[in-house]
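First comes the structure, then the notes that go with it.
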Amino acid sequence: MLSINIEPISGNAIILAVKLLSDGKLVAFPTETVYGLGGDATNDAAVAEIFAVKGRPEFNPLIVHVSDVSMAQRLVEWNEAAQKLANAFWPGPLTLVLPRLPDSPVSLLASAGGDTLGVRCPAQASARALIMAAGIPLAAPSANRSGRVSPTTAQHVYEELGNDVPLILDGGACEVGIESTVIDISSDAPVLLRPGFIAAEQIEAVLGRPPHPNPLPIGEREANAPRERVRGIDYSEQQVILKSPGMLASHYAPSLPVRLNVTKPKSKEALLAFGDSVPKGAKATFNLSKAGDLEEAAANLFVALRAHDKPDYSAIAVMPIPEEGLGLAINDRLKRAAAR
Ligand code: TXA
Ligand code: MG
């Protein structure tokens with residue numbers, strides 16, 4: 001049964017999709033791996049909407065889909081390993097995690113506040129046609145609700161997201177059917193973050209060394225990196241690199257202390273406010289959302305944290321954020337920032 005928001009791929013459907021995307025709306029689209037829930041990666045509000053629709057209780061970084069290598073080079077610091085892997089596997093099911101360019105136009109929320117960005121050029125013709133027609137990188141996680149399996153048909157997407165996404169492009173069943181391989185090549189020690197369709201051996205053949213397996217869930221790697229040997233290569237030194245914040249840290253940690261649930265800010269603090277009754281007394285105040293809108297607050301969060309992480313202030317104080325919807329992910333991120 002076709003639903004009103006499912007459109008078979010066609011020139012007109014792509015024109016409609018481009019219109020929605022440029023208005024900051026979401027479009028689910030097929031790739032050779034699984035269907036993605038796409039939005040303009042350079043638009044903070046669109047990226048926040050992706051997290052809201054997925055119902056993720058935390059900000060996990062999103063893969064940014066590009067039409068070719070030159071689009072990727074405008075977003076991330078391209079390196080030799082990236083060029084080799086792109087020559088071998090792009091377009092295709094391989095995601096490259098690289099340092100963000102300092103002036104990368106991609107929303108900080110798509111990197112979950114981190115210094116790196118996952119980029120992938122999908123092989124499916126209609127996916128590339130969409131990105132090319134839109135002319136913008138598309139942030140797109142798998143088009144399922146958080147914690148559920150990735151959809152491989154338009155109907156599966158509809159069953160997951162229903163009418164929460166205005167348009168689902170129907171390109172039939174995905175050829176590959178499992179997600180892309182994710183490899184972090186942002187430092188000299190390649191780390192296989194997620195096994196996928198491209199095998200570790202294929203990557204080894206291109207790079208001339210085996211990628212280090214990711215022993216822990218992303219985010220916990222830095223704190224608990226074990227010292228180990230993989231196929232005779234001692235990676236302990238690289239593990240030390242992984243541990244140092246800022247190298248491969250998947251989350252941005254402010255250097256200032258972060259104080260939560262603040263109702264009385266101190267005179268030297270920068271206050272991140274929420275809602276319309278804002279306490280006075282902070283040295284600077286930035287309202288994450290005057291209207292008390294959690295999506296707007298999520299869209300502003302990482303930009304606001306970075307902008308106020310300055311020696312001019314003694315700490316970043318944050319007003320209480322409701323523990324519901326995207327508030328869960330916002331509070332999860334803030335608690336991590338405050339724990340450091
Ligand atoms: O095949 C795929 O990769 C599909 C299609 C739609 O392209 N996308 C997909 O996205 O599976 P998602 O968000 O469901 O999974 C992305 C994975 C997550 O585990 C995320 O943590 C990791 O990639 N990832 C993305 N960017 C990252 C980054 N900058 N650093 C570390 N991990 C990253
Ligand atoms: Mg997924």
Heads up, the strands (runs of 3 or more DSSP E) in the stretch 138-204 (entirely inside) with at least 3 residues that are among the hydrophobic types (A, V, I, L, M, F, W, C) and more than 10 Å from ligand 1 (Cβ to nearest atom) are 167-170
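Please go through the stretch 116-137 and pick out each residue that is within 11 Å of ligand 1 (Cβ to nearest atom), in a helix (DSSP H, G or I) and of a type in the set (S, T, N, Q).
Within the stretch 116-137, the first condition is being within 11 Å of ligand 1 (Cβ to nearest atom), and the residues that meet it are 116-124, 127.
If we keep only those that are in a helix (DSSP H, G or I) too, we end up with 127.
Correct list: empty.
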Within the stretch 153-174, is even one residue within 16 Å of ligand 2 (Cβ to nearest atom) and within 24 Å of Arg333 (Cα to Cα)? no
Six or more apart or on different chains, Cβ under 7 Å: which pairs go from a residue in the stretch 133-150 that's touching a residue at least 24 places away in the same chain (Cβ under 8 Å) and over 16 Å from Ser22 (Cβ atoms) to one that's in a loop (DSSP other than H, G, I, E, B) and away from ligand 1 (no atom under 11 Å from the Cβ)? Could you list them? Arg145/Gly55; Ser146/Gly55; Ser146/Pro57
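So is Glu269 within 26 Å of Ala41 (Cβ to Cβ), modelled with pLDDT of 95 or more and either of a type in the set (Asp, Glu) or surrounded by 22 or more Cβ atoms within 10 Å (Cβ to Cβ) (or both) or not?
Numbers: within 26 Å of Ala41 (Cβ to Cβ): no; modelled with pLDDT of 95 or more: yes; either of a type in the set (Asp, Glu) or surrounded by 22 or more Cβ atoms within 10 Å (Cβ to Cβ) (or both): yes.
Criteria not met by Glu269.
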Taking into account only those residues within the stretch 95-115 that are within 23 Å of Ala200 (Cβ to Cβ) and open to solvent by 10 Å² or more (accessible area, probe 1.4 Å), which is farthest from ligand 1 (Cβ to nearest atom)? Pro99
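Looking only at the stretch 128-136, decide whether some residue is within 16 Å of ligand 2 (Cβ to nearest atom), open to solvent by less than 10 Å² (accessible area, probe 1.4 Å), modelled with pLDDT of 95 or more and in the same structural domain as Gly171 (by TED's automatic domain parsing). Lay out the reasoning, then the answer.
Taking the stretch 128-136 as the starting set, the residues that turn out to be within 16 Å of ligand 2 (Cβ to nearest atom) are none.
No: the stretch 128-136 contains no residue that is within 16 Å of ligand 2 (Cβ to nearest atom), open to solvent by less than 10 Å² (accessible area, probe 1.4 Å), modelled with pLDDT of 95 or more and in the same structural domain as Gly171 (by TED's automatic domain parsing).
Return a yes/no flag: does the stretch 85-94 have any residue that is in contact with a Lys or Arg (Cβ under 7 Å, 6 or more places away or on another chain) and crowded, with 19+ Cβ neighbours inside 10 Å. Break it down stepwise before answering.
From the stretch 85-94, those in contact with a Lys or Arg (Cβ under 7 Å, 6 or more places away or on another chain) are 91, 94; that's our starting set.
Then drop every residue that is not crowded, with 19+ Cβ neighbours inside 10 Å, which leaves 91, 94.
Checking the stretch 85-94: at least one residue is in contact with a Lys or Arg (Cβ under 7 Å, 6 or more places away or on another chain) and crowded, with 19+ Cβ neighbours inside 10 Å.
Filter the stretch 312-340 down to the residues that are open to solvent by 50 Å² or more (accessible area, probe 1.4 Å) and farther than 20 Å from Thr285 by Cβ and list them by number.
Glu323, Glu324, Gly325, Leu328, Lys335, Arg336, Ala339, Arg340
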Sole exception among (1) of a type outside the set (Phe, Trp, Tyr); (2) in contact with an Asp or Glu (Cβ under 6 Å, 6 or more places away or on another chain); (3) open to solvent by less than 50 Å² (accessible area, probe 1.4 Å); (4) over 20 Å from Asp170 (Cα atoms) for Glu58, by number: (3)
Options Val27, Val18, Val34; residue that is closer than 25 Å to Thr181 by Cβ and out of contact with any Ser or Thr (no Cβ under 9 Å at 6 or more places or on another chain): Val27
Within the stretch 272-303, the count of residues that are open to solvent by less than 20 Å² (accessible area, probe 1.4 Å) and out of contact with any helix residue (DSSP H, G or I) (no Cβ under 9 Å at 6 or more places or on another chain) comes to 2
Between a first residue in the stretch 248-271 that is more than 18 Å from Lys335 (Cβ to Cβ) and of a type in the set (S, T, N, Q) and a second residue that is open to solvent by 20 Å² or more (accessible area, probe 1.4 Å) and at pLDDT 95 or above, which pairs have beta carbons less than 7 Å apart while being 6 or more apart in sequence or on different chains? Ser267/Gly281; Ser267/Lys283
Restricting attention to the stretch 173-181, does a residue exist that is surrounded by 24 or more Cβ atoms within 10 Å (Cβ to Cβ) and of a type in the set (Val, Ile, Thr)? yes
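Given the stretch 270-340, what strands (runs of 3 or more DSSP E) lie entirely inside it while holding 3 or more residues that are aliphatic (A, V, I, L, M)? Talk me through it step by step, then tell me what you get.
Details: elements: 270-273, 284-287, 316-318.
Correct list: 270-273, 316-318.
The values are calculated or read from the model by the stated rules, or taken from the named source; none is laboratory data. It should be emphasised that the depicted structure is a prediction, and the values quoted were computed from it without experimental measurement. Counting neighbours? That spans all protein chains shown, and the Cβs are built from the backbone with ideal geometry, glycine included. To get the accessible areas, we keep the full protein, side chains included, count just its heavy atoms, and leave off ligands, DNA and RNA. Shrake-Rupley method; radii C 1.70, N 1.55, O 1.52, S 1.80 Å.
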